[in-house]
Protein chains: 2
Amino acid sequence: MADDRLSVVFAALADPTRRAILARLARGEATVNELAEPFEVSLQAVSKHLKVLERAGLITRGRDAQWRPCRLETEPLEEASAWIRRYRDVQTDRMDRLEAAIGRIRSGAGDTDEDGAERPQRGQ
Amino acid sequence: MADDRLSVVFAALADPTRRAILARLARGEATVNELAEPFEVSLQAVSKHLKVLERAGLITRGRDAQWRPCRLETEPLEEASAWIRRYRDVQTDRMDRLEAAIGRIRSGAGDTDEDGAERPQRGQ
DNA sequence: TCGTTGTTCAATCTCTGGGTTGAATATCCA
DNA sequence: TGGATATTCAACCCAGAGATTGAACAACGA
């Protein structure tokens, strides 16, 4: 896996166990044992998942005697969300521009570029 | 990697090359060669990346003579975004409820639960 | 038809992710 | 101090990701 921030965050989210852990933490802090309880995997496996989440900045961990309470951190989620948002709407945008272009053509203006993207020639 | 839809989408996004490909496609359709051009990896590697994106539903591919134009599909992005959104704001929510609780305490009501999460006992 | 261009398939390599078990460490409580 | 509980570390296994190279397939154009 690539080690840039966004890749690490998306990779951390690409596992149902880890997403379930985050969902649980959204309801409040929890210890490793509490987090592991719903799953069939070993405690050590959960511990590894938590490390992945921590590395991604998605959780932070405190200390309370022998417990290591986990807490959800939302900033990386914001970052990931921002990336997605940038491309989520292009389909619509493209349609809007296409419709606008059609409108101009109908009204006799004509000759517009749909989306301004570079289009290298397909030479052979 | 887990094979549920959300995991497949997040895993597809967890690679900078694939994100760059999506970013390029947001500016319009492109062929494999066009998509591969900015990268130093082999064409075959890019072809594999496209397969991953296709499996995640993030792109669809047409046929135009010997070219296989790729097109961005935004629906899985919407899905991923929706998942993130559900947890992105809990920090704020928790703060809001905490502030509300403090407000109640100050006004003499007192005894409120911060966020209503279950908290199993830490028995030994 | 033949050469060229675009793309994929197949075999292979290496590295890492996610899982396991067993031992170690940390902290509490009697 | 010593036993119990919570958590992590270490070593290992296996499947799959991402890359490579070489060959195959598809479609054009002269």
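Every read-out reported here was derived from the displayed coordinates using simple, explicitly stated rules and does not represent laboratory data. It should be emphasised that the depicted structure is a prediction, and the values quoted were computed from it without experimental measurement. Every residue, glycine among them, receives a Cβ derived from its backbone with ideal geometry; neighbour counts consider all protein chains shown.
Worth a mention:
- Nitroxide proxy distance, nm - points 7 Å out along Cα→Cβ at residue A:4 and residue B:89: 2.9 nm
- Under 5 Å between amide hydrogens, built in the peptide plane, is the criterion, and for residue B:57 it picks out nothing among residues at least 5 positions away or on other chains.
- Note that the range B:21-37 has calculated 3J(HN,Hα) couplings of 4, 4, 4, 5, 5, 5, 8, x, 4, 7, 8, 4, 4, 4, 5, 6, 3 Hz, one per residue in order, obtained from phi through the Karplus relation 6.51 cos²θ - 1.76 cosθ + 1.60 (θ = phi - 60°); glycine and proline are x.
- Phi to ³J(HN,Hα) by Karplus 6.51 cos²θ - 1.76 cosθ + 1.60 over the range A:11-17, Hz, x for Gly, Pro: 4, 5, 7, 7, 8, x, 4
- Rounded to the nearest whole Hz, the Karplus-based 3J(HN,Hα) values (6.51 cos²θ - 1.76 cosθ + 1.60, θ = phi - 60°) of the range B:39-44 follow the sequence 9, 8, 6, 5, 4, 4, with x at glycine and proline.
- Note on the range B:5-75: Rg/Rh from Cα positions, Kirkwood definition for Rh, rounded to two decimals, is 0.93.
- Relative to the other identical copies, residue B:39 shows label-point distances of 2.9 nm, where the label point lies 7 Å from Cα along the Cβ direction and values run shortest first.
- Summary for residue B:23: label point 7 Å along Cα→Cβ; distances to the equivalent points in the other copies, ascending, 3.2 nm.
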